[in-house]
1. May I ask you to evaluate 6.51 cos²θ - 1.76 cosθ + 1.60, the Karplus curve with θ = phi - 60°, for each residue of the stretch 35-40 and list the ³J(HN,Hα) values in order in whole Hz, giving x for glycine and proline?
2. May I ask you to compute the full-extension gain from T2 to F101, defined as 0.36 nm times their residue separation minus their alpha-carbon distance, rounded to one decimal in nm?
3. Taking only DSSP H segments of four or more residues, each worth -39500 (n - 2.57), what value at 222 nm results for the chain once the sum is divided by all its residues, to the nearest 500 deg cm²/dmol?
4. Calculate, in nm to one decimal, what K146 and S112 gain on full extension: separation in residues at 0.36 nm each, minus their alpha carbon distance.
5. Can you work out the FRET efficiency for the pair D80 and V44, with r the C-beta to C-beta distance and R0 = 22 Å, to the nearest 0.05?
6. Within 10 Å of each candidate Cβ there may be at most 14 other Cβ atoms; applying that plus a DSSP loop requirement, which chymotrypsin sites (Phe, Trp or Tyr not before Pro) in the stretch 1-89 survive?
7. Ignoring ligands, DNA and RNA, what percent of the accessible area of the chain is carbon or sulfur (1.4 Å)?
8. So for the stretch 47-157, what percent of the C-alpha to C-alpha distances run longer than 18 Å?
Amino acid sequence: MTLFFWIIKILCTTIGETAADFLNTNLHLGLTGTTLVMGGLLVVTLFFQFRLPRYVPAVYWLAVVLISVVGTLITDNLTDNFGVSLWTSTVLFSIALAVVFVAWYRRERTLSIHSIFTARRELFYWLAVLFTFALGTAAGDLVAEKLALGYWKSALLFAGLIGAVTLAHFAFRLNAVLAFWIAYILTRPLGASIGDYLSQDRDEGGLQLGTLTTSAIFLVLILAVIVYLTVTRRDQIRLPDAQ
């Protein structure tokens, strides 16, 4: 994967956290209303994503942003509306993600994103992505809030774990597909911790930029990188034909 992929991925996870909070609290849509609106937008975006014959940065990353928001809302709904503890939701989403990976591998014999040439493989991919966001939200909130580590310390923790996975891959030849998915999962709580640290009030351990300002900053950064990639195609590589 290119460095640009990971940069945008972390930016998307951050805006997923702050945008969900902004729509829910500041615009007073509530968790249910926000979930319905963002879920509908995600379905429409994925419809176009599945119909595209090739990678289009704007559509793909819009889907990632929206699924980041929806994944956050799933966890928030379980916690706030149904009283499910973060410990329980972390375990449940870990199991759900494992089930998706097992089913994906049993059907396709690979979990590599470079092998996604069919609609069924892409369906497995987006389902896995959804559960990584829901799991990352639960795990991030668990560490930062319930275990009282705080937002910036949580961000450093998850960044360190991603660094350890990267080192294990390049220095000790950890399987590339395994390393990718571990890092992919960890970017969600990393981005959420960054977003919360920037947006939350100072008495809650944040910098008090607010969800609107934080979301706007990261949205501008995402758009800038996507425009750059669309023009230069720096994130596109030529792959061998599917086997």
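1. Result, rounded to whole Hz: 5, 5, 5, 5, x, x.
2. Going from the current span to full extension adds 33.3 nm.
3. Dividing the helical sum by the residues of the chain leaves -25000 deg cm²/dmol.
4. Result: 8.8 nm gained on full extension.
5. Computed FRET efficiency for D80 and V44 comes out at 0.25.
6. Working: sites: F4, F5, W6, F22, F47, F48, F50, Y55, Y60, W61, F82, W87; in loops: Y55, F82.
Sparse-neighbourhood loop chymotrypsin sites (Phe, Trp or Tyr not before Pro): Y55, F82.
7. Looking at the chain in its full context, I get 68 percent from C and S.
8. 57 percent
The values are calculated or read from the model by the stated rules, or taken from the named source; none is laboratory data. These numbers come from a predicted model, not from an experiment. Positions of Cβ are backbone-derived with ideal geometry, glycine not excepted, and every protein chain shown enters the neighbour counts. Keep in mind that these areas ignore ligands, DNA and RNA; they rest on the heavy atoms of the full protein, side chains included. Shrake-Rupley method; radii C 1.70, N 1.55, O 1.52, S 1.80 Å.
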